[in-house]
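Dropping the structure in here first, questions after.
The values are calculated or read from the model by the stated rules, or taken from the named source; none is laboratory data. Computed from a predicted model, the values in this text were never measured in an experiment. No Cβ is skipped: glycine too gets one built from the backbone with ideal geometry, and neighbour counts run over all protein chains shown. In case anyone asks, the SASA skips ligands and DNA or RNA and just uses the protein heavy atoms, side chains included. Shrake-Rupley method; radii C 1.70, N 1.55, O 1.52, S 1.80 Å.
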Amino acid sequence: MIRKLILLVFISTCFLFSCKKNNITKNNKPDKPEWVSKKYSYNPSKTLLFDLIHTKLEVSFNWSQRQLIGIATITTRPYFTSQDSLVLDAKSFDIQYVKLITKENEVELKYKYNDVKLVIALNKPYQSIDTFTVKIGYVANPERRQLSGSEAITSDKGLYFINHDGTDKEKPRQIWTQGETESSSCWFPTIETTNDRMSQETYITVENNFKTLSNGVLVYSKQNENSTRTDYWKQDKPHAPYLFMIAVGEFAKVEESWKDMEVSYYVEKSYERYAKSIFGNTPEMLEFFSNKLGYVYPWDKYAQVVVRDYVSGAMENTSAAVFMEALQIDDREKLDKNWDFIIAHELFHHWFGDLVTCESWANLPLNESFANYSEYLWEEYKNGEDAADYHLQNEHDEYLGESISKQEPLIRFNYGDKEEMFDSHSYAKGGCILHILRKYVGDEAFFKSLSYYLHQNAYKPVEIHHLRLAFEQITGEDLNWFFNQYFLAPGHVNLAVEHSYEPGKVKLSVLQMQDSAYSPIYKMPVKVDIWVNGQKIQHKIVVEKSFQQFEFAASSKPDLVLFDADHQIVGTSKNNKSIQEFIFQYKNANKYMARFEAITKLSKHAKTDSVVANFMLGATNDTFWYLRELASLSLSNSLIKDSEIVKKRFKEMALNETKPRTKARALYLCSEYKDSTLVDVYKNAMNDSAYSVVSAGLSCYLKLNPKDADIILKKYELLNNKEITSTLAEYYSNKNDSSKLDWFVNKINNNSGTELYYLLADFSKYLKKMPPSIQLAGFKVVEPIARNNFYYWVRYAAFKLLNELKELPNAKEIIENIKKTETNPKLIERYSKM
């Protein structure tokens, strides 16, 4: 599972210093910081009363009623103790019958059902050696569910009918499922747990125009007499219930292969020709990860399907991963977006999550931290160490942003709700911790340990100690210290690092400033690189006390002392390096993070120091695009920003930069000069292949207030690209032109998700300038979005727009009705305050 993607990420860079005094309450007791780990009731792994062996599902659908009609045949046995009843999770079902299947016949069984649990009275007590099979006829009613969700998975309905009645001509009809965390029981009866697994058969009956997808391989398709077809999918290898899936839709299926195994991509037909461009690195990923892990991809196929209105970013259903619709992009859009990270993430789960599964949600990082780190591994392999380190830095900063409000152990049994586990701790911090572990034991031991872990625990549930024991087995070292501080304790390190020189030696002082009442004092093996007269010597030290001093021989004052030369520490750090040392660091410490730190630390000096300003000018030629971008931003606020050499450099970047995003940034920097002689640069950008550059060129051109603006924009009105649409929408929202209503309506009808959210904001600005007749027309377009849009945050944007037009006839009554019929708790609370 990958978290719901947020396109605008706020990166927090604030520091948490334990030296700050706590506030004192009236009871003379210090207040705990907001981020302190919360202790709720202990959440153990689920006690297994039964061992699921096999589940056969036979399903068809009632589209109009949004129901699944199913027969579930479940083979199981008592796990250890004798059992005379079987309790299954079954949410919002109509149970038609429950039968025991014997060699001779089918015996009706008594049962009790409360819309959540199905309690089946067995015909006798069964022992652990007794295998039996029950058959359950049922109708699943996902629309009857009282919904909840989380930041990662926005709904727990389990079974989703998209455009069920076909009334939305712009949206395909689809059915898909989402099992994690415990929503598989919304479409078939089972025991919702991560520490049991079973093999699977799925018979899916659909109209002939639809394709189906499920776990395992498609054994056959059978034509029925009523113009329907039944597809039979079979998976022999066992997996956990939350990994079961089905998908139905008028998909185009594009096939490749890897080692004679099917690799397939299911997309909407309009994106069929782009499927290999989007997913085409999958075979190479299968080869890379199989080799890296020393464990060949273990499943019978690998399919990837893109669906509409998905409730998360993606999901690693065994052999059949599901992705949100944002992955459907054309070749021009791919110049700005690369979805390899999410594709790698879900594929890597097929080892960490599907093959070896966390035994409880408390151990979720054993799934998600590894999937997160796969993104780094793929970037490192495919695009180089700089690209990988840039990705890891973003993960690190994402965790630090979350740590302002929460700091929990990675492995935590005392969560309040299992959905809380799907946070930046389990994902981002976990990936960073695995990187530390890799750097500590070395590449050979790291990947050999992972291979051993996978082979020892294949098709089994695991907890964190299984991983520790695997590393100890390979390395021969007791690693309790590492796992205790990084996986089982909350918080992160907060360092103050200083160095000084005395004749013949360098002194290094390291202070751990995190509050030891809430976080450990860390043991950190790190490297210290010291340059003297241009020559580097590397020293290995272990920081393990709250305050430590180290001494190193040095013939003269060092050019640079670089603590944590591998840039692996998770946490915050400040140091006393000078301007000259940071400049030396940029030029001599080649790693991405060393150069990034130098640019960001020097940036504030560029406004007053000409040496730093000219350094930034040089840094705009860095080999990595993001550092070129950072340097150019610093240069635009520097002492020399108005010089001809800087203007010339920005123009060069606007014309020749190879990274579209950085090229677009250079265009915006050019536009700050309001120089009409740059018009040809902007027009050149408007013909670029990358939409982001075209959008930037348009925006910059419009700032010059050209007389031909409307004529120019007309050429781009039919493009349905979010960057282009955003630029036009912003421009039209500030124009008093009623003829643009149709353009806005067309874009609203053809966009969804984040794009629609921002489009509604511009439409609101536009409508405020329009006469009542246009406002009323716009109100009618937005009203169904406020009522029915799949995403609650899009409904909220639409509701805000309607509320701003509440003086229109009947508007207040409609708005009040929307308030009353809203079911999302977040919106109900928000609306009550409006």
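In the range 781-797, is there at least one residue being modelled with pLDDT of 95 or more, open to solvent by 50 Å² or more (accessible area, probe 1.4 Å) and out of contact with any Ser or Thr (no Cβ under 8 Å at 6 or more places or on another chain)?
Yes: one or more hits.
Results for (1) crowded, with 19+ Cβ neighbours inside 10 Å; (2) more than 32 Å from the chain's Cα centre (by Cα); (3) more than 24 Å from GLN304 (Cβ to Cβ); (4) modelled with pLDDT of 95 or more, shown as yes or no for each residue.
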position: THR133; (1), (2), (3), (4): no, yes, yes, yes
position: ILE136; (1), (2), (3), (4): yes, yes, yes, yes
position: LEU147; (1), (2), (3), (4): no, no, yes, no
position: GLY166; (1), (2), (3), (4): no, no, yes, yes
position: THR181; (1), (2), (3), (4): yes, no, no, yes
position: ASN208; (1), (2), (3), (4): no, yes, no, yes
position: THR230; (1), (2), (3), (4): no, yes, no, yes
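Give ALA321, ALA326 a once-over and let me know the one that is under 18 Å from the mean Cα position of the chain (by Cα), surrounded by fewer than 22 Cβ atoms within 10 Å (Cβ to Cβ) and either of a type in the set (A, V, I, L, M, F, W, C) or not in a loop (DSSP other than H, G, I, E, B) (or both).
After applying the criteria, what remains is ALA326.
Just name the residue that is nearest to TYR586 (Cα to Cα) out of those in the range 626-644 that are part of a helix (DSSP H, G or I), open to solvent by 40 Å² or more (accessible area, probe 1.4 Å) and touching a residue at least 12 places away in the same chain (Cβ under 8 Å).
So, considering only residues that are part of a helix (DSSP H, G or I), open to solvent by 40 Å² or more (accessible area, probe 1.4 Å) and touching a residue at least 12 places away in the same chain (Cβ under 8 Å), the one nearest to TYR586 (Cα to Cα) is TYR626.
Here's another thing I want to ask about it. Would you confirm whether any residue within the range 538-560 is at pLDDT 95 or above and within 14 Å of ALA598 (Cβ to Cβ)?
Checking the range 538-560: at least one residue is at pLDDT 95 or above and within 14 Å of ALA598 (Cβ to Cβ).
Still on this model: Looking at GLU151, GLU192, GLU170, can you tell me which residue is under 30 Å from ASN788 (Cβ atoms) and either at pLDDT 95 or above or among the aliphatic types (A, V, I, L, M) (or both)?
Result of the check over GLU151, GLU192, GLU170: GLU192.
In the range 195-206, what residues are more than 30 Å from GLN328 (Cβ to Cβ) and either crowded, with 20+ Cβ neighbours inside 10 Å or at pLDDT below 95 (or both)?
Matches in the range 195-206: ASP196, ARG197, MET198.
Let me ask something else about it. Considering the range 680-715 alone, what residues qualify as being part of a loop (DSSP other than H, G, I, E, B), open to solvent by 10 Å² or more (accessible area, probe 1.4 Å) and under 19 Å from THR662 (Cα atoms)?
MET686, ASN687, ASP688, SER689
Keeping to the range 746-760, report how many residues are surrounded by fewer than 16 Cβ atoms within 10 Å (Cβ to Cβ) and in contact (Cβ under 8 Å) with a residue 12 or more places away in the chain.
Qualifying residue count for the region: 2.
Another question, if that's okay. Which residue, of GLY534, GLY431, GLY442, GLY476, is small (Gly, Ala, Ser) and closer than 30 Å to ILE153 by Cβ?
Exactly one residue qualifies, and that residue is GLY431.
Restricting the range 716-730 to residues that are open to solvent by less than 50 Å² (accessible area, probe 1.4 Å) and of a type outside the set (A, V, I, L, M, F, W, C), which is farthest from SER752 (Cα to Cα)?
So the residue we want is TYR716.
So how many residues does the range 274-323 have that are in contact with a helix residue (DSSP H, G or I) (Cβ under 8 Å, 6 or more places away or on another chain), closer than 23 Å to LYS722 by Cα and in contact (Cβ under 8 Å) with a residue 24 or more places away in the chain?
The number of residues fulfilling the criteria is 11.
For the structure I just gave you, tell me whether GLU444 is touching a residue at least 24 places away in the same chain (Cβ under 8 Å), open to solvent by 60 Å² or more (accessible area, probe 1.4 Å), more than 20 Å from ILE411 (Cβ to Cβ) and not basic (Lys, Arg).
So GLU444 fails the test.
Test ARG661 against the stated conditions and say whether it is within 29 Å of GLU333 (Cα to Cα) and either under 35 Å from the mean Cα position of the chain (by Cα) or touching a residue at least 12 places away in the same chain (Cβ under 8 Å) (or both).
yes
Restricting to the range 336-368, what's the tally of residues that are within 20 Å of VAL305 (Cβ to Cβ) and among the charged types (D, E, K, R)?
The total comes to 4.
If you don't mind, another one. Taking strands (runs of 3 or more DSSP E) that fall entirely within the range 516-608, which contain at least 2 residues that are open to solvent by 30 Å² or more (accessible area, probe 1.4 Å) and more than 26 Å from LEU627 (Cβ to Cβ)?
Passing ranges, in order: 535-543, 547-553.
Something else now. When TRP743 is evaluated against the numbered criteria (1) out of contact with any Ser or Thr (no Cβ under 9 Å at 6 or more places or on another chain); (2) open to solvent by 30 Å² or more (accessible area, probe 1.4 Å); (3) aromatic (Phe, Trp, Tyr), which criterion, by number, is the only one it fails?
(2)
What pairs come out if I take residues in the range 30-48 that are within 18 Å of ASN363 (Cβ to Cβ) and pair them with residues that are open to solvent by 80 Å² or more (accessible area, probe 1.4 Å) whose C-beta lies under 6 Å away, six or more apart or interchain?
Correct list of pairs: LEU48/TYR79.
Only strands (runs of 3 or more DSSP E) wholly contained in the range 22-126 count here; list those with 3 or more residues that are open to solvent by 70 Å² or more (accessible area, probe 1.4 Å).
117-126
If you don't mind, there's one more thing I want to ask. Looking at LEU827 and the list (1) of a type in the set (A, V, I, L, M, F, W, C); (2) buried (at least 20 other Cβ atoms within 10 Å of the Cβ); (3) within 30 Å of GLU143 (Cα to Cα), which single condition is not satisfied?
The single condition LEU827 does not satisfy is (2).
Kindly evaluate GLN512 against the criterion of being in contact with a strand residue (DSSP E or B) (Cβ under 7 Å, 6 or more places away or on another chain), free of Cβ contacts under 8 Å to residues at least 40 places away in the same chain, crowded, with 19+ Cβ neighbours inside 10 Å and of a type outside the set (Lys, Arg).
Judged against the criteria, GLN512 is a match.
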